[in-house]
Each structure stands twice: as structure tokens, then as C-alpha cells.
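The values are calculated or read from the model by the stated rules, or taken from the named source; none is laboratory data. A quick note: this is a predicted structure, and the numbers were derived from the prediction, not measured. All Cβ positions, even for glycine, are placed from backbone atoms using ideal geometry, and neighbour counts span all protein chains on display. Calculation scope for accessible area: heavy atoms of the full protein, side chains included, ligands and nucleic acids excluded. Shrake-Rupley method; radii C 1.70, N 1.55, O 1.52, S 1.80 Å.
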Amino acid sequence: DPSGTFVQLRVSLAQTACGKRAPRRHNCRTVESRRKPTCLACYKFDTGDVPKVLDKYHNCGPSHHLAAKEIKHRDEAECRAVEEAGKAPSDGLYLPGMFAFSKGLPA
């Protein structure tokens with residue numbers, strides 16, 4: 001994409017029985033009775049040598065929540081908007097407020 005690089009990351013989290021400072025974290029068992037949130041992150045970077053973030057969105061929510069379907073639809077819409085960041089309008093339409101001009105006062 002000439003407007004930049006779009007990255008989408010979805011992570012499912014689970015609480016473990018190990019403490020934060022446990023030296024052997026790879027042997028931790030998950031706690032089944034706890035919530036397991038799902039996180040979604042979307043980023044759009046420009047194409048420069050040192051990429052800058054053009055837009056971003058991130059949200060963590062419970063996967064078991066009754067409104068999970070609505071949250072998923074909102075997340076998808078937000079990520080689509082992030083993906084479109086930096087793209088020029090394809091049809092060249094003028095939208096009110098797209099451009100602003102000001103007249104300087106005489107010196």
C-alpha cells in the first residue's frame with residue numbers, strides 16, 4: 001500500500017497461577033475460573049525511513065460479554081478507519097472542512 005503499512009494484532013489473554021515475579025513463568029497453569037479478555041490493536045505506519053504512526057486503535061474487552069458481537073463490529077469498523085489513514089480520496093470529492101484558507105493582514 002503506497003500510503004503506509006497497516007498492522008492488526010489480536011491477542012487472547014489468560015490469567016495464570018504464577019506470581020508476577022515468578023522465575024519460571026513458562027510452567028504456569030492458567031486459572032480457568034477467571035475472565036479471558038481479547039485485545040485488538042490496529043496501527044497504520046507511513047512509508048518513511050523512520051516510520052511514524054499515522055493512526056492507531058486498541059481495545060481489550062471480555063470475550064464472554066453479552067455485547068461481544070457489537071464490540072467486535074465496532075472494533076472492525078475502527079480498524080478499517082485506521083487502515084484508510086493516509087490514503088488520498090480516490091474520487092477526488094471536496095468535502096466541507098477539508099481545506100481551510102486564511103487571509104493575512106497587510107503589514
| field | Exposure ranking of 54, 9 by accessible area [1.4 Å probe, largest first] | value | 9, 54
| What are the residues whose amide H is under 5 Å from the amide H of residue 54, where those residues sit 5 or more places off or on another chain and H is modelled from the backbone? | 44, 45, 46
| Considering amide H positions built from the backbone, and no H for Pro or chain starts, which residues 5 or more places from residue 15, or on another chain, come under 5 Å of its amide H? | 31
| task | From the P(r) of the stretch 5-84, can you give the percent of Cα pairs sitting at distances over 16 Å? | result | 62 percent
| note | Checking rank on 32-41, 12-21, 74-83, with mean other Cβ inside 10 Å and highest first, the result is 74-83, 32-41, 12-21
| task | Run the accessible area of the stretch 5-84 with a 1.4 Å probe and give the carbon-and-sulfur part as a rounded percent. | result | 52 percent
